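The values are calculated or read from the model by the stated rules, or taken from the named source; none is laboratory data. Computed from a prediction, not measured in an experiment: that's the story for all the values here. Cβ atoms come from the backbone with ideal geometry, glycine included; neighbour counts cover every protein chain shown. What goes into the accessible areas is simple: the full protein's heavy atoms, side chains included, and nothing from ligands, DNA or RNA. Shrake-Rupley method; radii C 1.70, N 1.55, O 1.52, S 1.80 Å.
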Amino acid sequence: MSSSARTSITIWGRANSVNVQKVLWCLRELDLAFERIDAGMAFGRNHEPEYLAMNPNGRVPTLVEGDFVLWESNSIMRYLVRAYRPQSSLYPQPPKLRAGVDRWLDWTLSTLQPVDRPVFWALVRTPPEQRDMAAIQRNADAEAEQWQIIDAQLSTRRFIEGDDFTLADIALGAYARRWFGVEGISKPSFANLERWFAQFGARAGFVEFIAPPLS
């Protein structure tokens, strides 16, 4: 695609949203230019008629590219690879390899996000005096059970689906940042998970969009 086409990508969403962060990391991995417009939480906008006309869920992120609008972060990432860098190993073309990546993208939303959210919100977005630490620890224990699955997956491979970094690593890596970043709870040690996560420090998109302080 031409550089003029690249600059037409607009992402609506606040930078501290994990789902926005996934898309921004993906854009950087693909070396695509974009504009980001703050929306959601303190920035508002996401429940205004203009936004709801683009995304009836009132959530972020939303991608706008000319007259094309797409929401759902994992769908946006898949689209970006197919539209701009179809040969990228981020989303491999062989059906079995692609299905493996899709599996983890689905699992992140269906299984990991529901147990991550209560822990993250309680420890990062709830005032200390309002926190029920016993309940938070129970939720953290439930989340740890899911990270155990990832730790086992990584026991025989460099990245989630083998030797190549893929969209599955972006999706899970964004949530791993939250898991490793929250404090005040007891968390088991996952050696494979820690080794995998440490690799992201060399990736510009992670450093720019995922590594900043949690908020």
Starting from residues that are at pLDDT below 95 and surrounded by 14 or more Cβ atoms within 10 Å (Cβ to Cβ), keep the ones in region 1-17 and report whichever is nearest to residue 54 (Cα to Cα). 8
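Are any of the residues in region 31-38 over 25 Å from residue 89 (Cβ atoms), of a type outside the set (Gly, Ala, Ser), modelled with pLDDT of 95 or more and exposed (fewer than 14 other Cβ atoms within 10 Å of the Cβ)?
Scanning region 31-38 turns up at least one residue that is over 25 Å from residue 89 (Cβ atoms), of a type outside the set (Gly, Ala, Ser), modelled with pLDDT of 95 or more and exposed (fewer than 14 other Cβ atoms within 10 Å of the Cβ).
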Return the pair list, or none, for Cβ contacts closer than 7 Å from residues in region 40-61 that are on the phi > 0 side of the Ramachandran plot to residues that are hydrophobic (A, V, I, L, M, F, W, C) and part of a loop (DSSP other than H, G, I, E, B), at least 6 apart or on different chains. 40/60; 45/39
With the checklist (1) without any contact (Cβ under 8 Å) to a residue 12 or more places away in the chain; (2) of a type in the set (A, V, I, L, M); (3) open to solvent by less than 20 Å² (accessible area, probe 1.4 Å) in hand, flag the one item residue 170 doesn't pass. (1)
Where residue 213 falls short, out of the listed (1) surrounded by fewer than 18 Cβ atoms within 10 Å (Cβ to Cβ); (2) part of a helix (DSSP H, G or I): (2)
For residue 178, the lone unmet condition from (1) surrounded by 14 or more Cβ atoms within 10 Å (Cβ to Cβ); (2) more than 16 Å from the chain's Cα centre (by Cα); (3) not in a loop (DSSP other than H, G, I, E, B) is (2)
Residues of region 46-77 being part of a helix (DSSP H, G or I), under 21 Å from the mean Cα position of the chain (by Cα) and surrounded by 20 or more Cβ atoms within 10 Å (Cβ to Cβ), which ones? 73, 74, 76, 77
Every residue in region 107-125 that is over 15 Å from residue 19 (Cβ atoms) and small (Gly, Ala, Ser), please. 122
Among the listed residues 142, 191, 204, 134, which satisfies the condition of being among the hydrophobic types (A, V, I, L, M, F, W, C) and either closer than 30 Å to residue 85 by Cβ or open to solvent by less than 30 Å² (accessible area, probe 1.4 Å) (or both)? 204
Of everything in region 106-156, what is closer than 27 Å to residue 77 by Cα and not in a helix (DSSP H, G or I)? Give them in sequence order. 125
